[in-house]
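The values are calculated or read from the model by the stated rules, or taken from the named source; none is laboratory data. Only a predicted model underlies this, so the values are computations on that prediction, with no experimental measurement involved. Every residue, glycine as well, gets a Cβ built from its backbone with ideal geometry; the counts of neighbours run over all protein chains shown.
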Amino acid sequence: MKRVCILGSTGSIGVNSLKVIKQFEGEMEVVALSCYQNITKLAEQVEKYRPQQVAIVDSSKISAFKARCRVPVEVLSGVDGLVEIVKNPDINTIITAVVGAAGLLPTIRGIQESKNIAIANKETLVIAGELVMQEARRHGVSLLPVDSEHSAIHQCLHHRQPDEIQKLILTASGGPFRTLPATDFEKITVEDALNHPTWNMGAKITIDSATLMNKGLEVIEAHWLFGVDVDRVEVLVHPQSIIHSMVEFVDGSIMAQLGSPDMKLPIQYALTYPYHRAPASITTDFVQLGQLTFEAPDMDRFPCLRLAYEAARAGGTFPAVLNAANEIAVNAFLNRQIRFIEIPQLIETTMKAHQNHAHPTLAEILHADQWARDFTQQTI
Ligand SMILES: NC(=O)c1ccc[n+]([C@@H]2O[C@H](COP(=O)([O-])OP(=O)(O)OC[C@H]3O[C@@H](n4cnc5c(N)ncnc54)[C@H](OP(=O)(O)O)[C@@H]3O)[C@@H](O)[C@H]2O)c1
């Protein structure tokens, strides 16, 4: 029986996870849910899935939630509530579907409590990959990827040895500005950037996909999850998003995992691993697709990808700084305080001002994260 806690159940991954769990009644059950402030959706989910506990991070929403929710449920609050909820002994699996650095502490706590982790919150591995992987090994916990690219690589690598791998090839749709000339980037609006061609996702990851920062974060995520050097993680633009990623082996053989783009598939595989189980959430019609195409990523028009590689090569606290500066810049763009082209400029300015700490402790990572947030905010 999978007894599941979904951190961030009201978001795009959270809602899709609940749909998957519903299809496996009797084998999977919802024990705990959480949101930041969307108590209307959380109350609907509680009435439908009957968890024991919920965590609401924005404590000011607790009384409104209690007034709205018509079934009994224990309510935890604040950032501490999100960390506390994963300790529930009835939980054996956690889906980390919160957005941003907020996922770090509850994920580490979940690992320390020996819960299996289905990891969607890539920022956790970007910020503290070395530490998180060490903790996972120490507690014998598997981190099962939910990101479609990492799920694809995980499937291609099944029972392979590290010395068989030549490189990982992460595919990228290219986002809404794949063919936009550099001279038009100045005019990009929030609405343009939120209009992703193939995936329907939360606002932050949709902007990250438009800047290609999402792919940069995924390069760092793949480096930690699969123990492959950053420079052997390659990005390949593939606009149809049918090939979710590939592994090239040392003999030149390449394996890929394919399917129509729908996050229910990698979520389901993370929950049914190591088996592929019915029902199918997707169908793929190759005749109708006609062709699959590929391009190199353009790091001049999309400097966020270059910055992510630079942060990954530098290591230490640099990836945490990259991530924090990006979170602040994306938020400012969504609030119409800065232009699209200023997102990478802000991140680069913050990275240039940062003094690295190699092999940082959790406290040093949290300090670097806060420093980068303050510095980027002041620059804005
Ligand atoms: N969406 C995808 O297809 C996709 C694919 C691969 C990986 N991912 C990764 O999965 C994660 C979630 O993405 P998403 O698209 O599902 O995001 P989303 O739709 O924006 O949902 C985010 C969830 O996190 C909660 N949340 C927001 N800020 C929080 C905070 N400070 N503390 C605690 N909870 C907070 C939200 O609660 P409220 O609803 O109350 O705001 C919501 O439940 C991200 O790390 C993303 O990179 C997403």
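Among the candidates VAL219, VAL237, VAL250, the residue that is away from the ligand (no atom under 16 Å from the Cβ), surrounded by 18 or more Cβ atoms within 10 Å (Cβ to Cβ) and in the same structural domain as ARG160 (by TED's automatic domain parsing) is uniquely VAL237.
Taking the numbered list (1) over 15 Å from the mean Cα position of the chain (by Cα); (2) under 26 Å from GLY290 (Cβ atoms); (3) not basic (Lys, Arg) in turn, ILE188 passes all entries but (2).
Hey, does the stretch 193-213 have a residue that's over 19 Å from the mean Cα position of the chain (by Cα) and at pLDDT 95 or above? No, because not a single residue in the stretch 193-213 is over 19 Å from the mean Cα position of the chain (by Cα) and at pLDDT 95 or above. All but one of (1) farther than 27 Å from LEU366 by Cα; (2) within 11 Å of the ligand (Cβ to nearest atom) hold for ILE56, so report the exception by its number. Failing condition for ILE56: (1). Name the residue that is farthest from the ligand (Cβ to nearest atom), counting only residues in the stretch 143-193 that are closer than 30 Å to ILE117 by Cα and loosely packed, with under 15 Cβ neighbours inside 10 Å. Only one residue tops the list, namely ASP163.
Filter the stretch 110-137 for residues that are surrounded by fewer than 24 Cβ atoms within 10 Å (Cβ to Cβ) and farther than 26 Å from ALA311 by Cα and give the result. GLN112, GLU113, SER114, LYS115, ASN116 - these are the residues of the stretch 110-137 that are surrounded by fewer than 24 Cβ atoms within 10 Å (Cβ to Cβ) and farther than 26 Å from ALA311 by Cα. A count restricted to the stretch 165-210 and to residues that are under 20 Å from VAL146 (Cβ atoms) and either part of a strand (DSSP E or B) or in the same structural domain as GLU327 (by TED's automatic domain parsing) (or both) stands at 5. Among the residues of the stretch 63-86, some residue qualifies, meaning at least one is farther than 29 Å from ALA270 by Cα, crowded, with 18+ Cβ neighbours inside 10 Å and not assigned by TED's automatic domain parsing to the domain that holds ILE267.
Of all residues being surrounded by 13 or more Cβ atoms within 10 Å (Cβ to Cβ) and not β-branched (Val, Ile, Thr) in the stretch 265-279, which is farthest from the chain's Cα centre (by Cα)? Just the residue, please. Among those that are surrounded by 13 or more Cβ atoms within 10 Å (Cβ to Cβ) and not β-branched (Val, Ile, Thr), it is ARG277. Which pairs have Cβ atoms under 6 Å, sit 6 or more apart or on different chains, and link a residue in the stretch 18-42 that is among the aliphatic types (A, V, I, L, M) to one that is near the ligand (Cβ under 9 Å from one of its atoms) and assigned to a strand (DSSP E or B)? Final answer for the pair search is LEU33/ILE6; LEU42/CYS35.
Within the stretch 5-45, being farther than 16 Å from GLY103 by Cα and polar (S, T, N, Q) holds for ASN16, SER17, GLN23, ASN38, THR40, GLN45. Among the residues making up the stretch 1-45, those that are of a type in the set (Asp, Glu) and either more than 15 Å from the ligand (Cβ to nearest atom) or not assigned by TED's automatic domain parsing to the domain that holds PRO72 (or both) are GLU25, GLU27, GLU29.
Being away from the ligand (no atom under 13 Å from the Cβ), over 23 Å from ALA312 (Cα atoms), touching a Ser or Thr at 6+ places or on another chain (Cβ under 6 Å) and not small (Gly, Ala, Ser): is that true of ASN116 here? Yes: the conditions hold for ASN116. Here MET133, MET213 are screened, and the one residue that is within 23 Å of ILE267 (Cβ to Cβ), within 16 Å of the ligand (Cβ to nearest atom) and not hydroxyl-bearing (Ser, Thr, Tyr) is MET213. Among the residues of the stretch 116-128, is there at least one that is touching a residue at least 60 places away in the same chain (Cβ under 8 Å) and touching a Lys or Arg at 6+ places or on another chain (Cβ under 7 Å)? No, there is no match, as no residue in the stretch 116-128 is touching a residue at least 60 places away in the same chain (Cβ under 8 Å) and touching a Lys or Arg at 6+ places or on another chain (Cβ under 7 Å).
Taking the stretch 129-141 as the range and being small (Gly, Ala, Ser) and free of Cβ contacts under 8 Å to residues at least 40 places away in the same chain as the test, the residues that pass are ALA136, GLY140.
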